[in-house]
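For reference, the structure discussed in these notes is given below.
Coordinate-derived values only; no laboratory data. Everything numeric in this text was worked out from a predicted model, so none of it was measured. Backbone-built Cβ (ideal geometry, glycine too); neighbour counts: all protein chains shown.
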Amino acid sequence: MKYFVLLSLLATFALSSCNKYSEGPTFSLLTRKARIVNDWTLESYTKDGTELYDQTYELNISIEKDGTYSMSIITPNLGQLQSETSHGTWEFDNDQTSVTLLEEGSIIGVSYDIVQLKNKNLKLRQTDFNNAVYDWSYISK
């Protein structure tokens, strides 16, 4: 019985220490890489808590297992849909709490803190040099 209680306490401690992101998940059977590799659609975009997302455009990002990504922004322009795309590479930082996107042809990547990384939800945060906080919330269908 003592061993069962000790094992239960160790399991509880181990599971509670798995959460690197402020909004979870606490525990996942999928690796962080398996969760971030997906086709993501922007659901919300805020600056300092104020919603800035304009529903007239669509932003999609496809993160691939081989370390590449592609991003597309679809906007209406004079009654026509216009698409702009970019490609590049991505990587986690050493402790996997942030992700950096390096656009093809660029020498400096853009880093985002990972706030939430679930199988179908991704929330990224960036703080600029004026201490403005930007949050991007993505969903996967």
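DSSP loop chymotrypsin sites (Phe, Trp or Tyr not before Pro) in the stretch 46-140 with at most 12 other Cβ atoms within 10 Å of their Cβ, which ones?
Answer in residue order: 129.
Cα centroid distance between the stretch 97-114 and the stretch 64-78, in Å?
The stretch 97-114 and the stretch 64-78 have Cα centres spaced 15 Å from each other.
To the nearest 20 debye, what charge dipole does the stretch 28-139 have about its Cα centre, counting +1 at the Cβ of each Lys and Arg and -1 at the Cβ of each Asp and Glu? Walk me through the numbers on the way to the answer.
Numbers: 9 positive and 17 negative charges, 93 e Å.
So the magnitude is around 440 debye.
List the GluC sites (Glu not before Pro) in the stretch 44-141 that DSSP assigns to loop (not H, G, I, E or B) and whose Cβ has at most 15 other Cβ atoms within 10 Å. Which are they?
Here the GluC sites (Glu not before Pro) that fit, given the DSSP loop and packing criteria, are 64, 104.
The stretch 83-138: which trypsin sites (Lys or Arg not before Pro) are DSSP loop and have at most 14 other beta-carbon atoms within 10 angstrom?
Working: sites: 118, 120, 123, 125; in loops: 118, 120.
Loop-located and lightly packed - 120.
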